[in-house]
Amino acid sequence: MRRAQDLCRAAQNRGVARYSGFLSDREQTLAEAALNQVGCDWAAFEGGYPAAERKLLCLEPAGASGEPPICCVLLRCAAAGADAPAHKDYLGSLLGLGLERECVGDILPDPESPGCAYAFVLERVAPLICDELTSVGRFSASAQRFDGPLPVQPPQRESRTATVSSLRADAVLAAMLRCSRSQAEALVRGGRLEINHVPVSSAHAPVYEGDIFTVRGMGRFKLEALGGKSRKDRLFIQYFQY
């Protein structure tokens with residue numbers, strides 16, 4: 001949060017654009033909160049393509065020109081079918097080059113071309129990746145800059161619907177986990193639930209459309225939409241699991 005505020009001050013005082021590294025959704029939420037504290041309402045987030053999850057904090061004051069330092073790199077390896085590397089394999093190979101996690105954004109394996117993936121990285125590390133990457137997992141590999149239109153669709157989340165008795169943390173969590181209300185309440189009391197990356201200790205805490213539920217050891221969910229009421233006076237919700 002201090003880093004976000006420092007970047008904001010530097011951009012505003014010098015009148016030049018400033019950018020962070022790639023941030024997780026939790027870090028983006030914290031950055032937004034930090035910038036709200038100092039009255040900065042001109043920040044934006046950019047990940048290289050519209051549906052990106054990991055994004056740069058972009059601070060471009062009025063009159064300053066800049067371009068987010070994001071580069072897309074095509075990773076190719078000699079693998080096919082079920083043997084093709086997964087996301088974790090590509091990420092592990094990039095971090096194995098000595099890169100910090102903030103240098104690497106989303107990685108999109110190409111389902112139509114097993115053994116290929118598109119990685120969004122900071123511009124400054126792209127030459128290193130292209131020169132030094134020689135393997136992904138147990139397969140030989142190569143990397144090159146990719147400047148064309150992205151041929152891969154981001155992963156689609158499967159939306160689910162459920163009904164709840166109220167918009168309380170334990171009721172909605174029970175619906176998402178498909179467990180009993182008492183089990184959900186025990187998870188909350190055990191300190192295993194965060195909503196929008198903030199720990200929740202009360203099972204009675206209200207929840208809202210767009211909230212992100214993180215249950216330690218059990219996954220992450222987003223409350224996408226709220227609907228009307230059923231004939232039994234229960235509320236419809238729509239959610240997905242990351």
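So here's what we get for this one:
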quantity	calculated
Scope the stretch 157-174; condition of a type outside the set (S, T, N, Q), within 24 Å of the chain's Cα centre (by Cα) and open to solvent by 20 Å² or more (accessible area, probe 1.4 Å); matching residues	Arg157, Glu158, Arg160
The stretch 5-27, subset in contact with a strand residue (DSSP E or B) (Cβ under 6 Å, 6 or more places away or on another chain) and in a helix (DSSP H, G or I), residue surrounded by the fewest Cβ atoms within 10 Å (Cβ to Cβ)	Ala10
Those residues of the stretch 105-142 which are under 22 Å from Glu67 (Cβ atoms), touching a Pro at 6+ places or on another chain (Cβ under 7 Å) and buried (at least 16 other Cβ atoms within 10 Å of the Cβ), in sequence order	Leu108, Leu122
Any hit, the stretch 73-84, residues being open to solvent by less than 70 Å² (accessible area, probe 1.4 Å), under 18 Å from Glu53 (Cα atoms) and either touching a helix residue (DSSP H, G or I) at 6+ places or on another chain (Cβ under 7 Å) or not β-branched (Val, Ile, Thr) (or both)	yes
Strands (runs of 3 or more DSSP E) (entirely within the stretch 132-209) containing at least 3 residues that are farther than 30 Å from Ile107 by Cβ	160-164
Breaking point among (1) within 28 Å of Cys116 (Cα to Cα); (2) open to solvent by 20 Å² or more (accessible area, probe 1.4 Å); (3) part of a helix (DSSP H, G or I), for Leu94	(2)
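The values are calculated or read from the model by the stated rules, or taken from the named source; none is laboratory data. None of these values were measured; they are calculated from a predicted model. In this analysis, Cβ positions are derived from the backbone assuming ideal geometry, glycine residues included, and neighbour counts consider all displayed protein chains. Surface areas here come from the heavy atoms of the whole protein model, side chains and all, with no ligands, DNA or RNA. Shrake-Rupley method; radii C 1.70, N 1.55, O 1.52, S 1.80 Å.
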